[in-house]
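J.: Before I ask anything, let me first share the structure, which is written out below as structure tokens.
The values are calculated or read from the model by the stated rules, or taken from the named source; none is laboratory data. Model, not experiment: these values are computed from the prediction. Don't worry about glycine lacking a Cβ; one is built from the backbone with ideal geometry, like all the others, and counts go over all protein chains shown. Remember, those area values only see protein heavy atoms, side chains included, never the ligands or the DNA or RNA. Shrake-Rupley method; radii C 1.70, N 1.55, O 1.52, S 1.80 Å.
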Amino acid sequence: MKLAKILPHLNYQFKTEHELISSIEELSRNFTTNRQDLADYLKDERLSAAYTAFYLTTNIPKLQHLFELLPSEFLSLIKDTAFLDVGAGPGTFSIAFREWVNRPINKLIQIETSEVMRNQGRKLWQGLYPGEQSVWWERVQTEETVGKLMLFGHSANEMGPEKTFDYIQKINPEHVLFIEPGTKDFFPHMLSIRHKLLAQGYQVIYPCPNAEECPLRNSSQDWCHQFLQVTQDPEVERLSQMVKKDRRNLPVIFHAYSRTFKSKNPDYRLVRVLSETKFSFEWEVCHQNVLERVQVMKREMSKTEEKAMAQVLAGTGLELEVVKKLEQSMRVKVTKIMN
């Protein structure tokens with residue numbers, strides 16, 4: 001999303017670029033060191049506008065990357081369904097969904113407790129998509145919608161697992177997506193939500209190979225997350241450099257569930273890129289919900305294949321052929337990259 005498309009529709013118009021940059025820096029401090037002031041941006045038009053200009057624009061690409069990891073049959077199914085954006089903020093992932101379908105959304109409901117953010121979201125949506133309807137709720141309501149797709153975008157992280165699952169129970173969606181920070185702190189919360197969803201009959205579409213217990217559930221050091229490399233709009237990238245925030249390399253936690261869609265998940269999911277040696281790529285993969293270390297040997301690769309293999313990121317689905325079992329790992333050949 002280009003910054004130039006966003007700026008005219010902010011509720012607060014920054015007088016100078018310096019004011020915008022200093023406001024983004026203030027937000028960043030609140031998100032990291034001044035956590036006691038975290039909620040300020042939900043009450044202040046200037047800070048909510050700074051959030052919209054910077055974090056909305058840099059977070060929008062995450063949805064497209066998630067969809068690149070999901071089965072095409074599932075994506076065809078959700079294009080015409082009602083879309084509920086929980087903890088919508090200024091409508092970040094609603095806009096991302098609208099950009100993805102590239103036409104008016106069948107039914108859009110955005111749930112956001114902050115009046116300042118709801119006002120900003122309404123103005124932005126009307127500016128970007130004149131005449132297209134979106135419904136804003138302050139809190140969850142019960143309403144019949146057909147084929148409900150529910151998305152939590154950086155909101156389950158703020159709510160915690162109990163409140164998140166309470167939203168899901170009240171809406172009873174067919175499909176649930178999560179785009180959350182790829183942090184060690186959030187991972188146990190995601191596992192708790194996953195456990196509750198599986199108990200209610202949901203199936204994992206991504207990332208888990210099956211519904212067994214996560215092999216990292218008792219780990220205090222490791223956690224399962226994905227990693228994105230994003231090309232940002234040049235104006236946004238310039239802002240990122242000025243506020244010293246890397247918004248090109250983004251750790252995230254993606255999860256997708258459905259009550260009605262059954263998918264054949266890949267046998268192997270790349271959990272962690274460990275290292276690259278002169279002779280091999282070293283990976284940790286999840287296979288039948290067991291972590292295994294594998295070596296992908298370079299010996300038979302062309303330079304083009306080797307370069308492509310170096311670009312494979314955590315979260316990718318794989319088909320592997322075991323060449324040799326070693327004492328603490330396996331040598332494998334990649335027969336297919338799924339995503």
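J.: Show the residue pairs meeting these rules: Cβ distance below 7 Å; 6+ apart or different chains; first residue within the stretch 1-30 and closer than 19 Å to Pro61 by Cβ; second residue surrounded by 14 or more Cβ atoms within 10 Å (Cβ to Cβ) and among the polar types (S, T, N, Q).
T.: Met1/Thr57; Leu3/Thr57; Ile6/Thr52; Ile6/Thr57
J.: For the stretch 307-325, give me each residue that is surrounded by 11 or more Cβ atoms within 10 Å (Cβ to Cβ) and either touching a Gly at 6+ places or on another chain (Cβ under 8 Å) or in a loop (DSSP other than H, G, I, E, B) (or both).
T.: Hits for the stretch 307-325 are Val312, Leu313, Ala314, Gly315, Thr316.
J.: Which of the residues that make up the stretch 264-279 are without any contact (Cβ under 8 Å) to a residue 24 or more places away in the chain and either within 14 Å of Val334 (Cα to Cα) or touching a Lys or Arg at 6+ places or on another chain (Cβ under 9 Å) (or both)?
T.: Selection gives Leu274, Thr277, Lys278, Phe279.
J.: Picking from Thr92, Thr52, which residue would you name as being more than 15 Å from Phe178 (Cβ to Cβ), at pLDDT 95 or above, in contact with a His (Cβ under 9 Å, 6 or more places away or on another chain) and open to solvent by less than 10 Å² (accessible area, probe 1.4 Å)?
T.: Working: Thr92 fails: more than 15 Å from Phe178 (Cβ to Cβ).
Every option except Thr52 fails the conditions.
J.: Still on this model: Which of the numbered conditions does Asn249 fail, given that it passes all the others? Conditions: (1) under 22 Å from the mean Cα position of the chain (by Cα); (2) open to solvent by less than 50 Å² (accessible area, probe 1.4 Å).
T.: Answer for Asn249: the failing condition is (2).
J.: With the stretch 86-187 as the region, which strands (runs of 3 or more DSSP E) entirely inside it contain at least 3 residues that are among the aliphatic types (A, V, I, L, M) and closer than 29 Å to Thr32 by Cβ? Break it down into steps so the answer makes sense when it comes.
T.: On the way: elements: 108-111, 135-137, 149-153, 175-181.
The strands (runs of 3 or more DSSP E) meeting that bar are 175-181.
J.: Looking at the stretch 40-52, I want the residues that are over 14 Å from Ser28 (Cα atoms) and have a partner that is surrounded by fewer than 16 Cβ atoms within 10 Å (Cβ to Cβ) with Cβ atoms under 6 Å, at least 6 apart or on another chain. Which pairs are those?
T.: none
J.: Let me ask something else. Can you confirm whether Leu69 is buried (at least 16 other Cβ atoms within 10 Å of the Cβ) and of a type outside the set (Val, Ile, Thr)? Show your work before the answer.
T.: Values: buried (at least 16 other Cβ atoms within 10 Å of the Cβ): yes; of a type outside the set (Val, Ile, Thr): yes.
Criteria met by Leu69.
J.: Sort through Leu228, Leu239, Leu216 and tell me the only one that's assigned to a helix (DSSP H, G or I) and either modelled with pLDDT of 90 or more or buried (at least 18 other Cβ atoms within 10 Å of the Cβ) (or both). Show your work before the answer.
T.: Details: Leu228 fails: assigned to a helix (DSSP H, G or I); Leu216 fails: assigned to a helix (DSSP H, G or I).
From the options Leu228, Leu239, Leu216, the qualifying one is Leu239.
J.: Within the stretch 182-203, which residues are touching a helix residue (DSSP H, G or I) at 6+ places or on another chain (Cβ under 7 Å) and buried (at least 18 other Cβ atoms within 10 Å of the Cβ)?
T.: First, the residues of the stretch 182-203 that are touching a helix residue (DSSP H, G or I) at 6+ places or on another chain (Cβ under 7 Å): 186, 189, 192-193, 196.
Passing the criteria: Phe186, His189, Ile193.
J.: Taking the options Val101, Val176, name whichever one is closer than 27 Å to Gly315 by Cα and surrounded by fewer than 16 Cβ atoms within 10 Å (Cβ to Cβ). First the steps, then the outcome.
T.: Working: Val176 fails: surrounded by fewer than 16 Cβ atoms within 10 Å (Cβ to Cβ).
Only one candidate passes the filter, namely Val101.
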